Amino acid sequence: MTKRVVLIGHPVAHSLSGAMQQAAFDSLGIDATYELWDRPPIELADAVAELRSDEFLGANVTIPHKERVVPLVDRLTEEAHATGAVNTITREGRRLVGHNTDVLGFKVALDRLVGKQKMPRQAVILGAGGGARAVVYGLITEGFQRIIVFNRHLHRAESMVKHFARSAAHMELRAMPWHESIIEAELARARILVNATSIGLTSDESPISADTLNPELLVLDLIYARTRLLTDAAAAGCTVADGGQMLLHQGAAAFTLWTGQPAPLELMQERLAEARAGGLRSAEGEPAGDAGTTAAAGAAGAAD
Ligand code: NDP
């Protein structure tokens, strides 16, 4: 029987994850299909319940469901429990297990961004959604000592900080109101800036003005594209990277969880690049690319 893996999100049209996961199944001779399920929040519980049947290997979960899926599965791995967000589901018989492979994906992206330098200890995060939760947990477990979170709706950043109170008991994790002057002051004290908002996804906008950036910063945008933020940061002399490595490595980890086999990383990376060049949108929703922006992001945009 052909097995099924689904991506549950809203919207999910033309996912980049589909291109890389299907190619990986095919290349290893695994009889499985990767399907896109566009499900609004009201249909989420039914969609997750369907996964209990034998025909499914599991699922990916994306915007806007990563946090909502948590109470719908039977068991959470340490990362999923700690972040309060699930991006991958596997099946143990009829029981569902929630994982968070975004944490691992983020850590690979962070390591590449930092390169041979000493790992910094201070970071500023923009955003407080499911992606930001993986980032904050990744930084805490990496040994960061000071993490400041800015979010449009301050209460969401505050509840995220509260969620991490225990894991962050030994360090400073704070939510601050989104004011340009406060962001600039915090950026002057930090080495890492991560954009985990979706600003820049569908428009040529940056979450912050170019003047707030200083050349000492290492800037990671989770969006898999050459965003306005990355262009401004590169012009200011910062080291920059887009979300490509995170997307690839969270996907590779999910593949291994579903199949028990090592992921064909090179092939998956090639398929991601091709899909992006062809103008497809990601499971994570990055804007349609074109050959020009792909080349720019791949060469100048990424730190690796
Ligand atoms: P969520 O929907 O959970 O969160 C969205 C975040 O963006 C919130 O902090 C929200 O703020 C903020 N935001 C959205 N629109 C605006 C706006 N107009 N002005 C200010 N803030 C805004 O999404 P995720 O956390 O899952 O994803 C966030 C981004 O990270 C996406 O672009 C996604 O593509 C990317 N991502 C990439 C991954 C990768 O593998 N490369 C993995 C995960 C995410 P508020 O709470 O105030 O609404």
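Structural remarks
- Only one entry of Met176, Met171 meets the criterion of being away from the ligand (no atom under 16 Å from the Cβ) and either modelled with pLDDT under 95 or surrounded by 13 or more Cβ atoms within 10 Å (Cβ to Cβ) (or both), and that entry is Met171.
- Filter result (farther than 18 Å from Ala273 by Cβ and over 23 Å from the mean Cα position of the chain (by Cα)) within the stretch 27-42: Leu28, Gly29, Ile30, Asp31, Ala32, Ile42
- Scanning the stretch 116-141 for residues that are crowded, with 17+ Cβ neighbours inside 10 Å and part of a helix (DSSP H, G or I) gives Gly130, Gly131, Ala132, Arg133, Ala134, Val135, Val136, Tyr137, Gly138, Leu139, Ile140.
- For Glu216, the test of being within 20 Å of Ala123 (Cβ to Cβ) and of a type in the set (Asp, Glu) is passed.
- Residues being at pLDDT 75 or above, part of a loop (DSSP other than H, G, I, E, B) and exposed (fewer than 15 other Cβ atoms within 10 Å of the Cβ) - total across the stretch 260-297: 3
- Within the span defined as the stretch 4-26, one or more residues are under 24 Å from the mean Cα position of the chain (by Cα), of a type in the set (Lys, Arg), under 13 Å from Ile89 (Cα atoms) and at pLDDT 95 or above.
- The set of residues in the stretch 58-68 being among the aliphatic types (A, V, I, L, M) and crowded, with 23+ Cβ neighbours inside 10 Å consists of Ala59, Val61.
- Only a single item in (1) modelled with pLDDT of 95 or more; (2) polar (S, T, N, Q); (3) within 11 Å of the ligand (Cβ to nearest atom) is not met by Ser203, and it is number (1).
- When Gly58 is tested against (1) out of contact with any Pro (no Cβ under 8 Å at 6 or more places or on another chain); (2) within 20 Å of His249 (Cα to Cα); (3) within 16 Å of the ligand (Cβ to nearest atom), just one condition goes unmet, and that condition is (3).
- When residues in the stretch 101-155 are screened for being of a type in the set (S, T, N, Q), under 23 Å from Val61 (Cβ atoms) and more than 10 Å from the ligand (Cβ to nearest atom), 1 of them pass.
For (1) of a type in the set (Phe, Trp, Tyr); (2) within 13 Å of the ligand (Cβ to nearest atom); (3) more than 21 Å from Asp111 (Cβ to Cβ); (4) touching an Asp or Glu at 6+ places or on another chain (Cβ under 8 Å), each residue gets a yes or a no:
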residue: Leu187; (1), (2), (3), (4): no, no, yes, no
residue: Thr197; (1), (2), (3), (4): no, yes, yes, no
residue: Ala233; (1), (2), (3), (4): no, no, no, no
residue: Ala236; (1), (2), (3), (4): no, no, yes, no
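- Screening the stretch 142-232 for strands (runs of 3 or more DSSP E) wholly inside it with 1 or more residues that are over 21 Å from Gly129 (Cβ atoms) returns the ranges 146-151, 172-177, 218-221.
- Tally, over the stretch 73-100, of residues that are among the hydrophobic types (A, V, I, L, M, F, W, C), more than 16 Å from Gly131 (Cα to Cα) and buried (at least 19 other Cβ atoms within 10 Å of the Cβ): 4
The values are calculated or read from the model by the stated rules, or taken from the named source; none is laboratory data. Values in this document were obtained by computation on a predicted structure and should not be read as measured data. With ideal geometry, Cβ positions are generated from the backbone for all residues, glycine too; neighbour counts draw on all protein chains shown.
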